[in-house]
Structure formats: structure tokens, C-alpha cells
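Colleague: A single structure is presented below for examination.
The values are calculated or read from the model by the stated rules, or taken from the named source; none is laboratory data. Everything numeric here is computed off the predicted structure, so don't read it as measured data. Because the Cβ atoms are built from the backbone with ideal geometry, glycine has one as well, and the counts that use them run over all protein chains shown. With ligands, DNA and RNA removed, areas are computed over all heavy atoms of the protein, side chains included. Shrake-Rupley method; radii C 1.70, N 1.55, O 1.52, S 1.80 Å.
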Amino acid sequence: MTSETEQTTRPGQATERETDQATERETGQAAERGADRAAERETGRDAEAVSRFVERFAAEMTEAGMQRMASRVFAALLADDDGSMTSAELALALQISPAAVSGAVTYLTQVSMVGREREPGSRRDRYRLHDEVWYTTFAHRDRVLTRWENALRDGVRVLGEDTPAGSRLAETVAFFEFLQAELGGVMDRWREHRKTLGFPPYEGHANA
């Protein structure tokens, strides 16, 4: 027997919880549409086209081996005029949870692609692209290569350079050394070339 406090649901009739969830979804979708319209009025851009670009570029980075959520967060920051967003702004723009944002930015900060800063007078963090995001990213890779080289040299000593395995590791070390030397020169030439292209200087680097 059904108690007076229990609610019976006829077939095809939504429960109160399902109705609440549907209302929450509609409210979230309405908020997203409102934010898109506000962004379009402010920038004159097609918000849906921007979103498609973000997802396309994120998919390309994911295909190259980057974490999917980190790719989406990075692409969203790249498409933002300030290159800076809060967790709430990222969650709204990408329709993901704050926890997903947190995991993504943790990865991005570890690989030096994004920095974390505190909003003045607020307890909220903002996540910002580095001024020289690609330069910084490649510089981080350079440090990774150095650590790999050191580990590989140990491997060469352990295995013996005259053995097939030791020879393979020695060649890898030589390749990484060559790559690092070339990479440093490429980055220096890029900074000189950038000056000829008319891009605005980085903040705090008037001569960059």
C-alpha cells in the first residue's frame, strides 16, 4: 500500500526530480545563450563560430597527444582577447564542471602553458596564457630534453656504448643534443623576426 507521503507516477509522467533537472538544463542553456549574445554585442563576433574554432583546435591538440580537457581549456584561453579567464568563465564557455577545469589547468600549469594569478581584491584565481606561450612551452620542452639526456647517458654507461642497445641510446642522446642546439637558435631568430611583423610588444617587454 502506498503511504500518503509517497507520490505515484503514472507511465509517461515525469517525476519531480526529473522536472527539476530539466528546468536546470533549460536555465543553463538560457544563460549560455544570453552570454553568447552579450559576447557578440561586445566583440561583434559570432559566438558559435568562435566555439567551433575552440573545439576544432582542441581536437587537433588532442589528436597530437594532449589531454582532451586541457586542450579545450587552452583553446578557450587562446581565443579570449585577454588570454585570461576564471574557472567559472571557463566552465560556462565550455559547459564543463569546475572540477574538470581544475584538472585541466593543473596539467597546463605543470607543462608551463598557463599561469595562475589571483584577482586583485578577490579570492578567485584567474588562468592566463603566458605572453610568449609558444616560446615558454618550447623552453619547457628544452628542460625536459636535458633531463632525458642525463638519464639516457646513464643508460649508455650501464649498457655499454659498444652494445646495440647502448649504441641506440647514444644516438638518441646525440639527437637530443642537436635538437636543443637548433631549438635555441630558432627561438632567438623568431624573437628577432617577430619585431619585423608589427605585433604589439609583450607586457613588460617593450623591446620584445
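Colleague: Residue under question is residue 109, and the condition is that it be at pLDDT below 90 and either open to solvent by less than 80 Å² (accessible area, probe 1.4 Å) or under 26 Å from residue 90 (Cα atoms) (or both); does it hold?
Modeller: Judged against the criteria, residue 109 is not a match.
Colleague: Please identify the pairs in which a residue from the stretch 171-192 that is within 24 Å of residue 132 (Cα to Cα) and modelled with pLDDT under 90 has its Cβ atom under 8 Å from the Cβ atom of a residue that is open to solvent by less than 90 Å² (accessible area, probe 1.4 Å) and of a type in the set (Ser, Thr, Tyr), counting only partners at least 6 apart or on another chain.
Modeller: Pairs found: 180/146; 187/135; 190/135; 191/135.
Colleague: Would you please name the residue that is nearest to residue 189 (Cα to Cα), looking only at residues in the stretch 116-163 that are open to solvent by 40 Å² or more (accessible area, probe 1.4 Å) and among the aromatic types (Phe, Trp, Tyr)?
Modeller: Going through the qualifying residues, I end up with 135.
Colleague: From the list 70, 58, 100, exactly one residue is surrounded by 15 or more Cβ atoms within 10 Å (Cβ to Cβ), modelled with pLDDT of 95 or more and within 18 Å of residue 48 (Cα to Cα). Which is it?
Modeller: The match here is 58.
Colleague: Let me ask something else about it. Which of the following residues is in a helix (DSSP H, G or I) and touching a residue at least 60 places away in the same chain (Cβ under 8 Å): 108, 77, 92, 152? Full working, then the answer.
Modeller: Numbers: 108 fails: touching a residue at least 60 places away in the same chain (Cβ under 8 Å); 77 fails: touching a residue at least 60 places away in the same chain (Cβ under 8 Å); 152 fails: touching a residue at least 60 places away in the same chain (Cβ under 8 Å).
Of 108, 77, 92, 152, the one residue that is in a helix (DSSP H, G or I) and touching a residue at least 60 places away in the same chain (Cβ under 8 Å) is 92.
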